[in-house]
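To start, the structure under review is shown below, and the notes come after it.
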Amino acid sequence: MKLLDSPAVRVGLSISIATGLYGVSFGALASASGFTFWQTMAFSLLMFSGGSQFAFIGVVAGGGSGIAAMTTAALLGLRNGIYGMQMNAMLRPSGWLKYPQAQVTIDESTATASGQSDPAEQRRGFWTAGVGIFVLWNIFTAVGALAGDALGDPKRWGLDGAAVAAFLALLWPRLKGREPWAIATAAALATIVAIPFVPSGVPILVAAVVAGGIGWFSHGRSDEGMEPDVDPYPHSHSHDSHSRDSHSDEIHSRDDGSAE
């Protein structure tokens with residue numbers, strides 16, 4: 001079978017390109033926030049978690065301490081550890097493969113693998129998305145960092161608040177439905193209230209605690225695990241729903257015929 005004939009590979013490649021390009025933003029913002037080229041590259045090579053990376057530079061750019069930045073990034077990265085347990089059970093890696101698998105376990109690779117039912121396709125999707133994003137994210141991080149160095153002082157270009165804007169851009173697509181909006185509003189209000197009383201960088205931790213507390217008390221403990229934030233198969237759900245509706249109509253038609 002040709003590699004590109006695999007649906008999981010095609011999805012993995014498309015999502016790799018779309019996500020990898022966003023690395024330009026991180027590289028430019030990190031450089032504009034005062035990080036050197038190699039510090040910026042270390043974030044993408046070692047941390048490799050977009051939300052955590054943007055959160056870290058956002059806290060530091062806002063005057064927060066390194067501890068506050070690391071704590072915020074770690075809280076956002078916890079979900080990757082949960083994904084790792086799910087992918088370990090699904091893909092069952094052996095030997096040295098466990099280490100690169102852990103590094104490329106992110107929203108996109110987990111979602112691509114989870115969208116397949118065939119074990120071989122799950123592996124192809126996971127590795128295509130994971131490795132593809134890792135390579136492209138780091139390439140475009142380097143491009144963005146070099147561009148950021150050329151810009152000079154971020155305040156001169158109005159980029160000193162760009163990290164916050166980028167983080168909001170990551171959050172916005174996830175606000176679907178009343179509950180996410182309610183949680184986001186509560187977290188934002190908690191942040192505003194906390195700002196006058198706590199050091200810089202801590203308000204975002206307060207927001208994380210508020211959001212986590214609401215989620216815990218609203219839903220309690222779940223045995224089903226977390227769902228990735230990314231859905232690489234947006235049309236499959238509507239197709240499945242249409243198939244179920246058609247099947248239901250067919251059953252009703254047979255029942256009506258029997259009644260006659």
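Points to keep in mind about this one:
- Hits in segment 206-237 (condition: modelled with pLDDT of 75 or more and touching a helix residue (DSSP H, G or I) at 6+ places or on another chain (Cβ under 6 Å)): Val206, Ala207, Ala208, Val210, Ala211, Ile214
- Residue match in segment 117-132 (condition: at pLDDT below 90 and among the acidic types (Asp, Glu)): no
- Flag for Asn88 being surrounded by fewer than 18 Cβ atoms within 10 Å (Cβ to Cβ), part of a helix (DSSP H, G or I) and of a type in the set (S, T, N, Q): yes
- Counting only residues that are in a loop (DSSP other than H, G, I, E, B) and surrounded by 20 or more Cβ atoms within 10 Å (Cβ to Cβ), segment 116-144 holds 1 of them.
- Options Ser31, Ser44, Ser16, Ser52: the member that is part of a helix (DSSP H, G or I) and under 14 Å from Gly148 (Cα atoms): Ser31
- Test: residue in segment 24-42 that is touching a residue at least 12 places away in the same chain (Cβ under 8 Å), of a type in the set (Phe, Trp, Tyr), on the phi < 0 side of the Ramachandran plot and in contact with a Gly (Cβ under 7 Å, 6 or more places away or on another chain): yes
The values are calculated or read from the model by the stated rules, or taken from the named source; none is laboratory data. Nothing here was measured: the structure is a model prediction, and the numbers come from that model. Don't worry about glycine lacking a Cβ; one is built from the backbone with ideal geometry, like all the others, and counts go over all protein chains shown.
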